[in-house]
1. Which of (1) in a helix (DSSP H, G or I); (2) more than 21 Å from residue 157 (Cα to Cα) is the odd one out, the single condition residue 85 does not satisfy?
2. Do we find a residue being of a type in the set (Phe, Trp, Tyr), more than 29 Å from residue 67 (Cβ to Cβ) and either modelled with pLDDT under 90 or in contact with a Pro (Cβ under 6 Å, 6 or more places away or on another chain) (or both) anywhere in region 152-171?
3. Please specify each residue of region 33-67 satisfying the condition of being part of a strand (DSSP E or B), farther than 17 Å from residue 15 by Cβ and in contact (Cβ under 8 Å) with a residue 12 or more places away in the chain.
4. Name the residue, out of 123, 117, 70, that is part of a strand (DSSP E or B), touching a helix residue (DSSP H, G or I) at 6+ places or on another chain (Cβ under 9 Å) and either at pLDDT 90 or above or not assigned by TED's automatic domain parsing to the domain that holds residue 26 (or both).
Amino acid sequence: MTDQEKENLTINVRNEEIEEFIDTYLKENTPQHLNQLVVKLRTSRILVPASLNEEKKPVPCLLPGPENTFYFPLYTSKEHIPAKPRSELVLNLPFLAANHMVEQHIDQIDGIAINPFTQNLVFKRALIEQIAETNQETNRNMTDGMQHTVVCNCCGQPIPVYPSPEAAECMEVTKKWGYFSGKDGETHRFHICESCYDAWIATFAIAPEVTEDTELV
């Protein structure tokens with residue numbers, strides 16, 4: 001994927017309605033307005049500044065807070081990201097994937113900061129865990145009711161598959177690890193929806209090889 005294509009993935013993230021919901025909630029701090037905002041975030045994509053570790057893997061940048069606290073920053077559009085200091089890359093992620101990342105490291109992260117340099121809305125640990133629990137319960141209910149459904153391991157959203165009338169494409173990866181790995185004897189399997197796949201490969205140093213089928217059945 002070219003640098004321009006990576007830039008387009010960032011530029012194309014627009015969440016004007018979410019930004020309006022945030023402004024409303026900051027002015028009128030009510031449970032109804034918070035629920036309205038969270039419902040919209042659940043189906044939205046956001047931006048997360050990141051750096052590359054020694055293994056060249058992206059690691060989200062954390063913001064230090066008072067009294068040795070740390071917050072996971074996310075942005076609703078490129079315009080809310082400060083120009084300096086400039087991050088090595090910006091991840092385009094589903095909000096639920098970012099929330100899951102924080103929930104998995106809840107002992108080290110004190111909360112999520114949404115547009116911290118402009119609107120500065122903070123989600124504390126209790127709300128992060130509640131969003132994760134609600135998403136897990138929703139996925140269980142939807143999966144139980146749809147035999148032809150898989151769940152994206154990245155964003156946690158159900159993906160209807162053939163022969164469902166609403167079937168969508170996804171990537172299925174199955175890897176049986178061997179003796180020369182640290183996972184000898186283990187088989188790993190996961191699914192990724194198309195939008196999460198696009199965001200994932202945008203972080204690759206070398207783009208995947210793409211060929212086109214000239215014969216379609």
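1. (1)
2. The answer is yes; a qualifying residue exists.
3. 50, 51, 52, 58, 60, 63, 65
4. Answer to the check: 123.
The values are calculated or read from the model by the stated rules, or taken from the named source; none is laboratory data. Note that the coordinates shown come from a computational prediction; the quantities given were computed from them, not determined experimentally. Cβ coordinates were reconstructed from backbone atoms using ideal geometry, including for glycine residues, and neighbour counts include every protein chain displayed.
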